[in-house]
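Student: Dropping a structure here in structure tokens format, bear with me for questions.
The values are calculated or read from the model by the stated rules, or taken from the named source; none is laboratory data. A quick note: this is a predicted structure, and the numbers were derived from the prediction, not measured. Glycine gets a Cβ as well: all are built from the backbone with ideal geometry, and neighbour counts include every protein chain shown. SASA here: full protein model, heavy atoms, side chains in, ligands and nucleic acids out. Shrake-Rupley method; radii C 1.70, N 1.55, O 1.52, S 1.80 Å.
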Amino acid sequence: MTSPSDLSLAPERALTRGRVVVHSLLWLTVGNTVGLLLASLLLWPTLGQFLEPLSYGRWVPVHLDLQLYGWSALPLVGLLLLWYLPLEDGDGSAKFALEVWSGALLFGALSTLAGGSGGKLFLEWSGAARWVFLGTLVVLWAVLARCLYLRWSRGGKRGNAGLRGRVGIQAVTLLLLALVPPVLWIASGAAVYPPINPDSGGATGTSLLGSSLGIVSLFLATPWILGLELRGSSRVQAVLASLLGLHFLGFLLLPHGDQSHHELLQTFGLASLVLWLPLVAVALRGFSWPTGARRWLLGMGVWGGLLVTTAVTTFLPGFLEAFKFTDWLVAHAHLAMAGLVTSFNGLVLLVVARGTPWSEVLAAPIPFWMWQGGCALLVSSLAWAGFRESSFPGGLAIVDIVVQRLYLARWGAGLLMTLASMIWLRDALGRSGPEDSRR
Ligand code: HEM
């Protein structure tokens, strides 16, 4: 995914890198601002009267979808675009795909605020918004297919074995990606529902293991797609990839369907994820990362360790019943996404932007520590609130002054995180392409 030469050789590629950074940080900032609004409404519910009919219930799916399909997805969309874009230079099709993606997010958010939500967590789109999002996925696929064709016609078919092999891997990946639009269309339909844990009403151990192994695959594949130099042994990487294959086999052999967390196999299945804490670290340490990456890798390590250990504990019989409907699970969601996924995305964007004027944006220490410090305060205040609510369930029905103070702490943490994302966005918008590099 060559970079230092991009500026001079391929200004459009450099601009694409900058656009990926800007679009991703834009939706993080909007998602956080909505999160801050939600935190304000939970702290001062009377504020809701001034927002009617845009009530709390309409803003929650906006927060979730913009954080998932905006901030969490766009760095990966950018990664795909840069992986497929012809080396020589792009023609604006990547720009088009990014703008269509952001347009669909805006359309989806407005449709949800107008009351058009299908009510399924992270799959709310209904009516026109559902078609628009499906169309966006098809546009992205078509842009990738066109880029692959250009790569092949411009050099792949005459190229060396390495290039032909790479085009082959991209072609297989493209075929797999063709499954995403129909799968998301079916999954967002009212008739389809995921397996349910009958004793918690939430996800089963098997489903949680499956989605987590998907994230582990992403962590292991990303350094290769980023084109980072392997400094460790390729044999170690091959062994880790085989272990992951075996783990997926284990996942397929686990009982699927509505399974309770009281089933030992469900607990063991989920607990097996702990293996990947040291193994992902070994995999990522095998590559040379650019300056500024160490902090984000550290963030991934700390949040990843906290996430897996607390998640496996929370899933144990007795614990899940106690914590299920408390702020402990909101803490868990933010530990996973605002902690681990955001640290991974910061790392990806830093590498995607290397060699361009945008590379310094995610390398800046102050917004990085504002984010991590705010996230630590947000997660710990919600975990404490959840702990209190689990030991004093009545506290959920009355105004518990301790929980109120913890909500104030969460609000303050949210403000810090929103300001950090605004600094990143302002900085990214302040850079404007190759001519920037001469400064
Ligand atoms: C500015 C920082 C943020 C604030 C103030 C914030 C605030 C909130 C609030 C108030 C809720 C609703 C909680 C409830 O229903 O009791 C929520 C839910 C959620 N937020 Fe955030 N959030 C922030 C950042 C993020 C980020 C960066 C992500 C993901 C990358 C995220 C993902 C989620 C998820 C997945 C939920 C659903 C949790 C659940 O229902 O269990 N949030 N957030």
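Student: With the structure loaded, tell me whether Gly232 is under 25 Å from Leu80 (Cα atoms) and either in contact with a helix residue (DSSP H, G or I) (Cβ under 8 Å, 6 or more places away or on another chain) or modelled with pLDDT under 95 (or both) or whether it fails that test.
Tutor: Numbers: under 25 Å from Leu80 (Cα atoms): yes; either in contact with a helix residue (DSSP H, G or I) (Cβ under 8 Å, 6 or more places away or on another chain) or modelled with pLDDT under 95 (or both): yes.
The answer is yes for Gly232.
Student: Continuing with this model, one more query. For segment 78-135, give me each residue that is open to solvent by 50 Å² or more (accessible area, probe 1.4 Å), among the acidic types (Asp, Glu) and in a loop (DSSP other than H, G, I, E, B).
Tutor: Passing the criteria: Glu88, Asp91.
Student: I want to confirm something. Restricting to segment 283-324 and keeping residues that are in contact with a His (Cβ under 8 Å, 6 or more places away or on another chain) and of a type in the set (Val, Ile, Thr), which single residue is least open to solvent (accessible area, probe 1.4 Å)? Please lay out each step first, then the result.
Tutor: Initially, segment 283-324 is screened for residues in contact with a His (Cβ under 8 Å, 6 or more places away or on another chain), giving 307, 310-311, 314-317, 320.
Subsequent filtering for residues that are of a type in the set (Val, Ile, Thr) retains 310, 314.
Details: Thr310: 43, Thr314: 13 Å².
If we take residues in segment 283-324 being in contact with a His (Cβ under 8 Å, 6 or more places away or on another chain) and of a type in the set (Val, Ile, Thr), then Thr314 is least open to solvent (accessible area, probe 1.4 Å).
Student: With (1) surrounded by 12 or more Cβ atoms within 10 Å (Cβ to Cβ); (2) part of a helix (DSSP H, G or I); (3) free of Cβ contacts under 8 Å to residues at least 60 places away in the same chain; (4) aliphatic (A, V, I, L, M) as the list, and Leu144 as the residue in question, which single condition is left unmet?
Tutor: (3)
Student: Filter segment 42-77 for residues that are open to solvent by 30 Å² or more (accessible area, probe 1.4 Å) and free of Cβ contacts under 8 Å to residues at least 24 places away in the same chain and give the result.
Tutor: Those that are open to solvent by 30 Å² or more (accessible area, probe 1.4 Å) and free of Cβ contacts under 8 Å to residues at least 24 places away in the same chain: Trp44, Pro45, Thr46, Leu47, Gln49, Phe50, Leu51, Glu52, Ser55, Tyr56, Gly57, Val60.
Student: Could I ask something else about it? Any residue in segment 279-301 that's among the polar types (S, T, N, Q): show its pairings with residues that are in a helix (DSSP H, G or I) at Cβ separation under 7 Å, as long as the two are six or more apart or on different chains.
Tutor: What qualifies is Thr291/Ala363.
Student: Does at least one position in segment 175-196 carry a residue that is farther than 25 Å from Gly245 by Cα, surrounded by fewer than 15 Cβ atoms within 10 Å (Cβ to Cβ) and polar (S, T, N, Q)?
Tutor: no
Student: Could you tell me which of the residues Met337, Met417, Met422 is modelled with pLDDT of 95 or more, of a type in the set (A, V, I, L, M), closer than 30 Å to Trp289 by Cα and surrounded by 21 or more Cβ atoms within 10 Å (Cβ to Cβ)?
Tutor: Values: Met337 fails: surrounded by 21 or more Cβ atoms within 10 Å (Cβ to Cβ); Met422 fails: surrounded by 21 or more Cβ atoms within 10 Å (Cβ to Cβ).
Criteria check complete, one pass: Met417.
Student: How many of the residues in segment 243-278 are free of Cβ contacts under 8 Å to residues at least 40 places away in the same chain and open to solvent by less than 70 Å² (accessible area, probe 1.4 Å)?
Tutor: So the answer is 7.
Student: Sticking with this one: Take segment 283-333 and flag every residue that is among the aliphatic types (A, V, I, L, M) and within 15 Å of the ligand (Cβ to nearest atom).
Tutor: Met300, Leu307, Ala311, Leu320, Leu329, Val330, Ala331, Ala333
Per-residue answers, yes or no, for (1) within 16 Å of the ligand (Cβ to nearest atom); (2) at pLDDT 95 or above; (3) not basic (Lys, Arg):
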site: Glu52; (1), (2), (3): no, no, yes
site: Leu64; (1), (2), (3): yes, yes, yes
site: Pro75; (1), (2), (3): yes, yes, yes
site: Trp83; (1), (2), (3): no, no, yes
site: Pro86; (1), (2), (3): no, no, yes
site: Asp89; (1), (2), (3): no, no, yes
site: Ser93; (1), (2), (3): no, no, yes
site: Phe107; (1), (2), (3): no, yes, yes
site: Gly115; (1), (2), (3): no, no, yes
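Student: Among Leu382, Leu347, which is more than 13 Å from the ligand (Cβ to nearest atom) and aliphatic (A, V, I, L, M)?
Tutor: Leu347
Student: Can Val167 be described as touching a Gly at 6+ places or on another chain (Cβ under 6 Å) and without any contact (Cβ under 8 Å) to a residue 60 or more places away in the chain?
Tutor: Taking the combined requirement at face value, the residue satisfies it.
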